[in-house]
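Student: The structure follows.
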Amino acid sequence: MNQTGLTPKVEPPTDGLSLDDAALADWTRCGVPHLLGQYRPVHDEIDATDLLVEGELPEGLTGSYLRNGPNPLLAPHGPYHLFDGDAMLHGVTLGQSGASYRNRWVRSAGMMAEAEAGRPLFGGLAGFRPPPDDVMAKVGMMKNTANTNIVSHAGRMLALMEASPPTQVDPDTLATLGVFDYDGALAGAMTAHPKVDPATGNMHFFGYGPFPPYLRYHVVSAHGDLLTSVEIDLPQAVMMHDFAITDKHALFFDLPAVFDVNALMEGKPFTRWEPDLGARIGVLALDGSGQVRWSDIDPCYVFHFLNASEDAAGNIDVVGCRSSSLPVSFGDQPAADVSPTLHRWHIDAAGTVTTTQLDDRPGDFPRINDALTGRTNRFGYVGWLRDVVQGDATFGGVTAWDLERNESVTWECAPAEVCGEPSFAADPEGTAENDGWLVTLTTDLARDHSYLDVIDARDVAAGPVARVKMPRRVPFGFHGNWFAAD
Ligand SMILES: [Fe+2]
């Protein structure tokens with residue numbers, strides 16, 4: 001590959017956060033597995049321009065890739081769960097003036113209280129501890145870390161974490177603007193995986209919680225107004241990370257990962273796997289009207305869905321990454337040794353479900369060309385899980401699925417590298433579903449640096465057509481999206 005770019009210019013922002021020597025000394029004593037290796041946090045905020053590019057960036061790829069993920073500001077004093085970390089946004093902008101990078105913590109009220117105190121004040125999912133009374137009064141029992149996804153809708157950039165309402169950030173500076181609850185209209189939390197209907201521009205999402213109503217479904221108009229909120233009856237609170245939509249229905253997977261707030265308070269695992277409770281898929285009209293129609297399925301857990309679609313006769317297909325039980329641990333015991341693999345659930349017009357395994361290789365963080373959300377799509381892109389040990393894993397590449405032909409190809413990154421979620425960036429000149437590129441952050445753990453890899457979605461097996469060298473290692477994170485310049 002040829003290399004272009006000047007020597008990168010790196011500087012801290014004038015209002016940036018960074019750790020002092022005492023706080024860094026805390027980190028050197030910290031041997032928590034989810035804070036080591038690919039998870040090791042970074043300790044400051046920087047702006048960098050003139051990034052080195054290996055290969056050739058596609059002409060049409062102008063815009064920004066933003067990715068969210070956990071990056072605790074302070075070393076935890078107790079048990080740490082991967083889902084606990086304060087949010088850090090990493091942004092890479094590609095355009096006429098080259099490639100630039102910026103990272104910022106999302107300044108949640110909880111994290112800023114800890115920054116002011118100079119010590120952790122909150123426990124987490126692996127060890128709940130109430131904050132001091134004055135902090136509890138201002139912030140609540142848990143931090144709204146906003147650490148899971150970053151989406152844009154109706155002109156608002158929202159950082160999302162499923163236990164809380166959204167946090168709005170400035171799309172250019174990544175500065176935190178504050179919690180956004182649709183001017184008080186949104187009751188409860190918002191999933192980190194909302195879906196935008198390409199026909200209407202409406203955003204559809206749910207929120208779950210530990211107290212009744214355990215599940216709510218919401219629709220926000222293309223203009224950003226909360227149109228609909230409905231309560232959905234569940235027999236008990238369950239952890240529900242994602243859902244799917246078709247052009248006519250919203251699909252909820254009621255899976256037996258029971259969410260128990262009393263156990264959390266007692267320092268026990270707050271999510272228990274109880275397969276005897278069964279599992280089911282709920283189908284609700286997309287506008288929230290009418291009743292949910294439930295269909296039983298075999299117990300399983302699904303963190304992420306690829307997509308869903310529906311034909312004129314009312315047959316629904318939904319594809320997601322299914323594990324036979326919960327693949328993540330929330331207590332002392334390691335997670336069950338199960339791996340998610342791609343499955344399809346076919347729900348016929350009478351509500352009978354047929355489940356088919358599509359792949360036997362483990363994978364998760366599935367993505368599509370989002371213009372096909374809720375419609376029949378041919379191509380899906382799944383992070384290939386290279387090593388899965390007791391629920392922990394690294395992404396070793398990207399599998400591109402041709403669902404029409406039922407075949408796939410995989411790009412594997414180098415053995416010392418790990419990559420992340422493959423987000424789809426549409427080619428503005430494109431007409432076909434797979435006209436575009438996949439962008440993912442890849443880290444060379446041996447050399448301790450990261451790249452934004454750009455892969456042509458039409459030829460995933462060929463690997464990156466360009467790598468933008470980051471000015472720093474970017475820790476493993478959760479979800480990101482490409483935001484085109486226009
Ligand atoms: Fe997720």
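The values are calculated or read from the model by the stated rules, or taken from the named source; none is laboratory data. Owing to the predicted nature of the structure, the values given are computational and were not obtained by experimental measurement. Virtual Cβ from ideal backbone geometry, glycine too; neighbours counted across all protein chains shown. Ligands, DNA and RNA are excluded from the accessible area calculation, which covers all protein heavy atoms including side chains. Shrake-Rupley method; radii C 1.70, N 1.55, O 1.52, S 1.80 Å.
Student: Considering all projection directions equally, how large on average is the shadow of the alpha-carbon convex hull of the range 1-160, in square nanometres?
Tutor: Mean projected area of the Cα convex hull: 11.7 nm².
Student: Roll a 1.4 Å probe over the protein heavy atoms and report the accessible area of Ser339 in Å², nearest 10.
Tutor: Approximately 50 Å² of Ser339 is accessible to the 1.4 Å probe.
Student: Once you mark the GluC sites (Glu not before Pro) that are in a DSSP loop and have at most 14 other Cβ atoms within 10 Å, what is the longest gap between them in the chain?
Tutor: On the way: sites that count: Glu56, Glu59, Glu266, Glu404, Glu429.
With a cap of 14 other Cβ atoms within 10 Å, the longest stretch comes to 60-265.
Student: Okay, next question. Leaving ligands, DNA and RNA out of it, work out the accessible area of Leu326 with a 1.4 Å probe and give it in Å² to the nearest 10.
Tutor: That residue has around 10 Å² of solvent-accessible surface.
Student: Also, quick follow-up: Can you compute log10 of I(q)/I(0) for the range 277-361 with the Debye formula, treating each Cα as one identical point scatterer, at q = 0.15, 0.16, 0.23 Å⁻¹?
Tutor: At q = 0.15, 0.16, 0.23 Å⁻¹ the computed log10 ratios are -0.62, -0.69, -1.18.
Student: Further, regarding this structure: Let me know the number of lysine pairs in the chain closer than 29 Å at the Cα, not counting same-chain pairs under 8 apart.
Tutor: Close lysine pairs found across the chain: 5.
Student: Considering only protein heavy atoms and a 1.4 Å probe, what is the carbon-and-sulfur percentage of the accessible area of the chain?
Tutor: Carbon and sulfur: 49 percent of the exposed surface of the chain.
Student: Excluding ligands and nucleic acids, what accessible area in Å² is computed for Thr49 using a 1.4 Å probe, to the nearest 10?
Tutor: Near enough 60 Å² of accessible area.
Student: Only four residue types carry charge here, +1 at the Cβ of Lys and Arg and -1 at the Cβ of Asp and Glu. Report the dipole size of the chain about the Cα centre in Debye, rounded to the nearest 20.
Tutor: Using only the charged Cβ atoms, the result is roughly 540 debye.
Student: Before anything else, pin down the relative contact order of the chain: Cα pairs under 8 Å, at least 6 apart, normalised by residue count, whole percent.
Tutor: Relative contact order of the chain: 12 percent.
Student: Find the percent of Cα-Cα distances in the chain that exceed 32 Å, and round it to a whole number.
Tutor: 37
Student: Return, ordered by residue number, the residues of the range 45-78 whose backbone nitrogen is under 15 Å from a label point located 7 Å along Cα→Cβ of Ala22.
Tutor: Under 15 Å, as judged by backbone N against the label point of Ala22, lie 74-75 of the range 45-78.
Student: How many angstrom lie between the C-alpha centres of the range 118-168 and the range 54-92?
Tutor: Rounded to whole Å, the Cα centres lie 16 Å apart.
Student: Continuing with the same structure: Averaged per residue, what accessible surface does the chain expose to a 1.4 Å probe, in Å²?
Tutor: It amounts to 41 Å² per residue over the chain.
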